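Undergrad: The structure under discussion is supplied below as C-alpha cells; questions concerning it will follow.
What follows draws every value from the coordinates through simple rules; no lab data is involved. All figures in this text were calculated on a predicted structure; none of them were measured in a lab. Because the Cβ atoms are built from the backbone with ideal geometry, glycine has one as well, and the counts that use them run over all protein chains shown.
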Amino acid sequence: MKKPPRKSRVDWPSARASGLIRALKKLGFIEVEGRGGHRYFMWPDAPARLPIQVPWQGQKEFQPHYVKATWMRAHNIMGVSEQEFLKVLK
C-alpha cells in the first residue's frame with residue numbers, strides 16, 4: 001500500500017544568487033563581508049552564530065536543494081517558515 005504524499009512538501013524553486021541575497025536582506029539579515037566569490041550574512045540578534053554563506057556566481061541558477069538548504073539555515077537562526085521564505089524570494 002502506498003503512503004499518502006506529505007502535506008507539508010514544498011516544491012522549491014531554483015534561484016539566482018541575487019534572489020537569495022535579496023530574500024535574506026528582506027528577512028533582516030545583514031551582509032557582514034564578501035570574500036572572493038562568496039557573501040556572508042548574519043542575523044543581528046545572534047551574532048555568535050555562523051553566518052549564512054551565499055556563493056556569488058553571477059547569473060548562475062542554484063538548484064532547488066541549495067535554495068532549501070539556505071532556508072534551513074535561516075530557519076535554524078531566526079525561525080522563518082517555508083512560506084515566508086518563498087514569499088520574499090519571489
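Undergrad: Once amide H atoms are built 1.01 Å from N in the peptide plane, which residues 5 or more positions from residue 39, or in another chain, come under 5 Å H to H?
TA: 54, 56
Undergrad: Net charge within 11 Å of residue 13 by Cβ-Cβ distance, Lys/Arg positive one each and Asp/Glu negative one each, not counting residue 13 itself?
TA: Numbers: positive: 16, 68, 90; negative: 11, 61.
For residues surrounding residue 13, the net value is +1.
Undergrad: From the backbone phi of the stretch 75-80, what are the Karplus-calculated ³J(HN,Hα) couplings (6.51 cos²θ - 1.76 cosθ + 1.60, θ = phi - 60°) in whole Hz, Gly and Pro given as x?
TA: Residue by residue, the stretch 75-80 yields 5, 5, 7, 10, x, 5 Hz.
Undergrad: Taking the Cβ of residue 40 as the center, what net charge do the other residues with Cβ under 12 Å away carry, scoring Lys and Arg +1 and Asp and Glu -1?
TA: Overall, the nearby charge balance is +2.
Undergrad: Of 50, 88, 78, which is farthest towards the positive pole of the chain's charge dipole, taken about the Cα centre with +1 and -1 on the beta-carbons of Lys, Arg and Asp, Glu respectively?
TA: 88
Undergrad: Quick one: if you take sqrt(5λ) for each eigenvalue of the C-alpha gyration tensor of the chain, what semi-axes come out, biggest first, whole angstrom?
TA: Details: eigenvalues 122, 53, 23 Å².
Each semi-axis is the square root of five times an eigenvalue, giving 25, 16, 11 Å.
Undergrad: Simple spin-label model, 7 Å along Cα-to-Cβ: residue 61 to residue 48 in nm?
TA: 4.2
Undergrad: Which far-off residues, 5 or more places away or on another chain, put their amide H under 5 Å from the one on residue 15, with H placed in the peptide plane?
TA: 62
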